Ligand code: PLP
């Protein structure tokens, strides 16, 4: 018999399964709100002008393609640190930050998870309830038990912060806490600055290991403003982990550009930690690909391209905000009595709409509008052409 004869079919990824169903739908007016990707007003994934310019220069230079260092390019890693911690960060100056170039935010989480399993093998990992689905799968596959802390409060459509704080304050030392640094996926509900300080205090007093996931820097209020959680931890004197991604902020999804940063207590500690993280990488993919990181570094390290990128990022952010406002207005205009103004307050690409699984199903069957069964929709998939149709469809299913 084949060695694969007894292999079972793995469950389909719920969101990728949604894409397959969407692609198979023949209705012209169909809309896919299930994705986690930014589309422009024409429904296309943009290639940013700053990226285009950096790629042109790189192509003309025709650089050789030797191996990268295991940790990736220093020009890239330094640029990442400046973006996360601020270019005047004392931690960077002190050599307390270890950064490695990773294969997207997912790759950063995976390297971090594998390293943590060596550092803290008996720990339990806590993710928000709800969270990005892959958080659980990633840390489970690294060998950790994964549990949740309270996060979303459906009644207020905000964060159940008392519940979250109480849970954090009850955890054993050495527990690993995954935190969405901004633009919480899937709910769009973020902590306030004061609440972040409380989370820092809880991590300090309980001896927890914070792991911040920053996949959407620049999508809420801007590069600096969205770093508030990272900055609160960096001012705390604690050690912590940050995974970051340029998939969304540079619209470089398929190039797989991200980073893992680890904040240590001292420079000599950084050297030891880096040496261990490099072992994880070496036995996994050896060293990262060149292109995406080189493009991002070229943009971030050139004042002109950096400005162009920030402007383009602001354009994406503003367009999503416009879609939020417009959706709320159009729902009202379509006669929906329920107050949807919470959509404007949610941050990042997503909204937890409160639509039930049955309503989501009806959107699909009656209108060809695809969303996640939890009611999560991607605002960045709305545009001036399809928003009227979507608003009318939602109005029809909530009535
Ligand atoms: N973390 C969160 C919360 C995300 O939403 C995503 C992407 O959807 C990622 C990490 C991973 O991003 P990447 O595509 O860079 O691996």
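Report the Cα centroid-to-centroid distance between region 263-334 and region 128-157 in angstrom, as an integer.
Between the Cα centre of region 263-334 and that of region 128-157, the gap is 22 Å.
Taking Cα atoms, how many degrees apart are the long axis of helix 387-398 and the longest axis of the chain, rounded to 10 and kept between 0 and 90?
Rounded to the nearest ten degrees, it is 70.
If you look at just the Cα atoms of the chain, how large are its Rg and its Dmax in Å?
21.5, 63
Report, to two decimal places, the Cα Rg of region 25-171 normalised by 2.2 N^0.38 Å (N = number of residues).
It is 1.41.
Using just the alpha carbons, could you tell me how many Å³ per residue the convex hull of region 168-273 encloses?
Spread over its residues, the Cα hull of region 168-273 gives 118 Å³ apiece.
Restricting to DSSP H runs of at least four residues, report the calculated mean residue ellipticity at 222 nm for the chain, -39500 (n - 2.57) per run over all residues, nearest 500 deg cm²/dmol.
-14000 deg cm²/dmol
How big is D, in µm² s⁻¹, for region 353-399 by Stokes-Einstein at 20 °C and 1.002 mPa s if Rh is the Kirkwood radius over C-alpha pairs?
On the way: Rh = 10.6 Å.
Result for D is 202 µm²/s.
May I ask for the angle, rounded to the nearest 10°, between helix 193-206 and the longest principal axis of the chain, with both axes built from Cα atoms and the value confined to 0 to 90°?
Rounded to the nearest ten degrees, it is 50.
Pulled fully out, how much extra length does the chain show between residue 204 and residue 344, if you take 0.36 nm times their separation in residues and subtract their Cα-Cα distance? It would help to have the intermediate numbers written out before the result.
Details: separation 140, 0.36 × 140 = 50.40 nm, distance 3.35 nm.
Working it through step by step, the gained length comes to 47.1 nm.
Kindly state, as a whole number, the per residue volume in cubic angstrom of the convex hull around the alpha carbon atoms of region 113-184.
Looking at region 113-184, the number lands at 87 Å³ per residue.
How long is region 295-336 along each principal axis, judged by its Cα atoms, biggest number first, in Å?
50, 14, 6
Round to the nearest 10 and give me the degree value, 0 to 90, for the angle of helix 74-85's Cα axis relative to the longest principal axis of the chain.
Approximately 60 degrees, to the nearest 10.
If packing is taken as the mean number of other Cβ atoms within 10 Å per residue, what is the order of 239-246, 252-259, highest first? Mind showing how you got there, number by number?
Working: 239-246: 25.4, 252-259: 22.8.
Ranked by mean Cβ neighbours within 10 Å, highest first: 239-246, 252-259.
Hey, could you pull the Cα Rg and Dmax for region 30-107, both in Å?
Final numbers for Rg and Dmax: 17.1, 53 Å.
Please work out the Cα center distance from region 347-379 to region 22-49, rounded to the nearest Å.
Value for the Cα centre distance between the two parts: 15 Å.
Please compute the contact order of region 30-113 in relative form: average sequence separation of alpha-carbon pairs under 8 Å and at least six residues apart, divided by the residue count, as a percent.
19 percent
Please report the orientation-averaged projected area of region 99-144, defined via the convex hull of its C-alpha atoms, in nm².
Result: a mean projected hull area of 3.4 nm².
The numbers here are math on the coordinates, done by the rules we state, and not lab data. If you're wondering where the values come from, they're calculated on a predicted model, not measured in any experiment. For neighbour counting, all protein chains shown are included, and Cβ atoms are generated from backbone atoms with ideal geometry for every residue, glycine included.
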